[in-house]
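The values are calculated or read from the model by the stated rules, or taken from the named source; none is laboratory data. Predicted, not measured: the structure shown is a model, and the values here were computed from it. Cβ coordinates were reconstructed from backbone atoms using ideal geometry, including for glycine residues, and neighbour counts include every protein chain displayed. Only protein heavy atoms, including side chains, enter the accessible area calculation; ligands, DNA and RNA are left aside. Shrake-Rupley method; radii C 1.70, N 1.55, O 1.52, S 1.80 Å.
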Amino acid sequence: MAADMAPSLGWLSAVSAVLAGVFSLHMLQRLVFPYLWRDLRFLLKVVRYGVRLELFGLTRSVRTVLDRFVEQAQRIPDKPFVLHDGATHTYRDVEQRSNRFAHVFLERLRLRKGDCVAVLMNNEPDFLCVWFGLAKVGCSVAFLNTNIKSKSLLHCFHCCGARTLVVGSDLVDSLDGILSSLQEDNIQVWVMQSHSERTNVHTLLDQLDEASTQPVPAELRSTSSLKTPTLYIFTSGTTGLPKAAVITHLQSLKAAAGFWAFGASEDDVIYIPLPLYHSAASLIGVGGTIELGATCVLKKKFSASQFWTDCRKHGVTIFQYIGELCRYLCNQPKTELDQVHKVRMGVGNGLRQDVWREFQSRFGDIKMCEVYGSTEGNLCFMNHIGRIGTVGRSNFFYKVLFKYDLVKYDMVKDEPVKDERGFCQRVKNGETGLLLSKVSAISPFFGYAGSKQLTEKKLMRNVFVKGDAYFNTGDLMAEDQEGFICFRDRVGDTFRWKGENVATTEVTEVLGLVDFIQEVNVYGMEVPGHEGRAGMAALIIRPGLTFDGDKLFECASRDLPAYARPLFIRLQEVMEMTSTFKQQKFQLVQSGFNPSTISDPLYVLDYQQKSYVPLTDHIYQSVVSGERKL
């Protein structure tokens with residue numbers, strides 16, 4: 001009997017040892033590599049999608065975002081695609097109306113495959129119908145920022161080569177000062193109206209009634225390369241004018257997979273309160289909705305007071321955000337309905353840690369999925385773990401596929417630190433460095449339309465070895481021991497305010513036209529309780545002239561969008577320069593805007609008085625405490 005039990009006990013002992021070993025390995029993995037399986041699952045999902053895109057290139061049977069929309073319109077024609085201003089637009093509705101636009105574009109506007117058309121419209125369903133209609137006839141589309149003014153607007157046409165402009169009915173008046181210039185440049189202007197009193201524009205909506213809802217030939221929109229440009233999205237340029245980032249089908253398809261990568265499905269309802277001329281709303285928001293076959297709620301303009309009411313009304317489950325948006329929501333009066341909603345996920349960027357915690361504490365356990373990446377950039381981080389305060393997550397597997405580095409940066413000299421051989425130096429884990437992304441076949445950089453110089457300026461060459469090339473993000477980041485990546489600061493001539501990028505040189509050029517100003521140095525200033533950086537300008541006044549706050553206000557209001565207008569002014573006797581004769585910004589940023597610690601005269605933008613008025617201690621305290629709205 002004892003002899004018979006021996007083998008059984010030995011077998012049980014062996015099994016126990018194996019189980020103990022497995023358990024020990026599992027515990028060791030959780031201790032040393034706690035995110036291993038979640039990282040692998042997420043990465044495999046992303047890689048699988050990437051392989052599918054690569055197969056498109058090999059077979060030359062490229063399926064674009066538009067092709068995916070046409071498929072969805074055939075598969076789920078009666079499903080709501082866009083909810084806007086109380087109206088429901090199904091996939092069939094948008095498909096047929098975009099077909100009507102396509103026929104008008106072909107037959108009336110005489111557009112042809114390869115033409116570029118600029119679109120100046122606010123968020124509305126017809127933005128999508130015009131966009132898709134143009135894409136169906138093979139045109140590339142340039143999304144114009146509705147805030148830009150005359151000089152910048154004209155520049156946008158020149159750099160992307162657009163010869164036609166489609167304007168929303170509510171934005172026609174914004175063209176009053178430049179219509180003659182557009183005509184001189186032989187740019188035809190079509191407005192989203194049925195009739196117009198203006199003789200120098202064409203009306204578009206009256207052309208739709210007789211247009212067919214049948215599809216135009218599919219070969220018009222077909223392409224054999226993922227690298228074919230399909231959109232131009234404008235970003236703030238360090239040249240003082242917007243830059244047209246080239247958006248290829250490859251970039252559009254990658255962005256459209258964002259929601260899916262975070263676990264969204266066709267049952268989700270996605271709230272899009274961001275402007276469609278930005279890549280977040282158009283590429284990730286609308287493109288992501290199409291990829292899933294989901295429904296989106298398109299808001300003309302974000303409203304903090306209407307946000308949760310909209311979410312409850314439409315059963316929203318996912319919303320897009322920028323950090324400032326979440327702060328506005330947290331600043332709303334508390335109600336008993338704060339956690340009465342179906343929202344489970346937010347996707348966006350720029351969310352501060354304190355706002356993140358307050359948002360989740362107040363509105364419920366909503367998973368906030370931070371995404372890092374610029375419109376034209378070749379690198380993307382996604383915080384799929386949900387760690388508060390981080391913009392993304394990296395690991396060994398990610399670094400094998402996507403080469404990026406954080407290098408030492410000298411904030412005073414405003415340039416990367418080089419070693420004795422002239423190469424950049426990597427920072428250690430936890431240290432802040434400039435984020436560079438290697439340009440390769442997997443991570444290409446398509447640059448900007450109309451300017452090889454601007455494209456080249458965004459690249460850094462010979463970074464670690466002779467001949468290499470990296471995309472310069474212009475962002476200072478830090479990566480901790482666990483691979484979580486945090487945004488620290490923005491360098492160079494751009495800062496972010498009110499969810500928009502502000503090019504300091506554009507502001508400098510505008511202010512430099514004021515007669516009493518001799519020299520201008522514009523920079524971003526951190527303000528307690530606010531996302532991003534508020535604009536501040538250090539000025540030198542021309543000899544014999546005096547500062548005129550009324551005149552400066554008039555210039556800024558007339559020629560700059562609201563987000564780009566300097567909120568603070570500092571008068572100086574001498575403008576500090578770096579050793580390479582660049583304007584010194586670092587010391588100015590460090591010194592802040594407190595009138596009790598700065599001897600230079602300070603002024604603040606005052607919309608009520610329509611002037612720049614002296615920044616007193618009382619006003620300063622009201623700004624810092626949040627009493628004074630900026």
**Prompt:** Got at least one residue in the stretch 265-280 being out of contact with any Ser or Thr (no Cβ under 8 Å at 6 or more places or on another chain), buried (at least 22 other Cβ atoms within 10 Å of the Cβ) and among the small types (Gly, Ala, Ser)?
**Reply:** yes
**Request:** Scan the stretch 128-155 residue by residue and report those that are more than 19 Å from Gln72 (Cα to Cα) and of a type in the set (Phe, Trp, Tyr).
**Result:** Phe143
**Request:** For Arg30, indicate whether it is out of contact with any helix residue (DSSP H, G or I) (no Cβ under 6 Å at 6 or more places or on another chain) and either of a type in the set (S, T, N, Q) or at pLDDT 95 or above (or both).
**Result:** no
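The rows are residues; the columns are (1) open to solvent by 60 Å² or more (accessible area, probe 1.4 Å); (2) in contact with an Asp or Glu (Cβ under 8 Å, 6 or more places away or on another chain).
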| site | (1), (2) |
| --- | --- |
| Phe363 | no, yes |
| Thr375 | no, no |
| Phe397 | yes, yes |
| Pro416 | no, yes |
**Asked** Can you tell me which residue in the stretch 213-241 is modelled with the lowest pLDDT, limited to those that are open to solvent by 50 Å² or more (accessible area, probe 1.4 Å) and over 22 Å from Phe143 (Cβ atoms)?
**Response** Ser224
**Asked** Among Gly430, Gly386, which is in contact with a strand residue (DSSP E or B) (Cβ under 8 Å, 6 or more places away or on another chain), free of Cβ contacts under 8 Å to residues at least 60 places away in the same chain, under 19 Å from Trp37 (Cα atoms) and not polar (S, T, N, Q)?
**Response** Gly386
**Fill in**
Taking the stretch 399-414 and keeping residues open to solvent by less than 80 Å² (accessible area, probe 1.4 Å), touching a residue at least 12 places away in the same chain (Cβ under 8 Å) and over 19 Å from Arg41 (Cα atoms) leaves Tyr404, Asp405, Leu406, Val407, Lys408, Tyr409, Met411, Val412, Asp414
**Request:** Would you tally the residues in the stretch 463-479 being among the basic types (Lys, Arg) and either in contact with a Leu (Cβ under 9 Å, 6 or more places away or on another chain) or in a strand (DSSP E or B) (or both)?
**Result:** 0
**Complete:** Within the stretch 70-126, residues being of a type outside the set (S, T, N, Q) and assigned to a helix (DSSP H, G or I) number 20
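Criterion first (open to solvent by 70 Å² or more (accessible area, probe 1.4 Å), at pLDDT 80 or above and either farther than 20 Å from Ile247 by Cα or within 27 Å of the chain's Cα centre (by Cα) (or both)) does Arg68 satisfy it? Give the steps one after another, and end with the answer.
Working: open to solvent by 70 Å² or more (accessible area, probe 1.4 Å): no; at pLDDT 80 or above: yes; either farther than 20 Å from Ile247 by Cα or within 27 Å of the chain's Cα centre (by Cα) (or both): yes.
Against the criterion (open to solvent by 70 Å² or more (accessible area, probe 1.4 Å), at pLDDT 80 or above and either farther than 20 Å from Ile247 by Cα or within 27 Å of the chain's Cα centre (by Cα) (or both)), Arg68 does not qualify.
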**Message:** Which numbered condition in (1) more than 21 Å from the chain's Cα centre (by Cα); (2) at pLDDT 95 or above is the only one that Ser437 fails?
**Reply:** (1)
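Kindly indicate the residue of the stretch 514-537 that is part of a loop (DSSP other than H, G, I, E, B) and over 30 Å from the mean Cα position of the chain (by Cα) and also surrounded by the fewest Cβ atoms within 10 Å (Cβ to Cβ) among those meeting that condition. Quick ask: steps written out before the conclusion?
So in the stretch 514-537, the residues part of a loop (DSSP other than H, G, I, E, B) come out as 514-516, 526-533.
Checking the rest, the ones that are also over 30 Å from the mean Cα position of the chain (by Cα) come to 514-516.
Values: Val514: 20, Asp515: 10, Phe516: 14.
Here the answer is Asp515.
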**Request:** For the stretch 538-550, indicate whether the set of residues that are open to solvent by 10 Å² or more (accessible area, probe 1.4 Å) and assigned to a strand (DSSP E or B) is non-empty.
**Result:** yes
**Item:** Pairs where the first residue, in the stretch 329-345, is basic (Lys, Arg) and the second is open to solvent by less than 100 Å² (accessible area, probe 1.4 Å), C-beta under 6 Å, 6+ apart
**Value:** Lys342/Gly315; Lys342/Thr317; Arg344/Thr317
**Prompt:** Looking at the stretch 337-355, which of the residues that are open to solvent by less than 90 Å² (accessible area, probe 1.4 Å) and part of a loop (DSSP other than H, G, I, E, B) is farthest from Val316 (Cα to Cα)?
**Reply:** Arg352
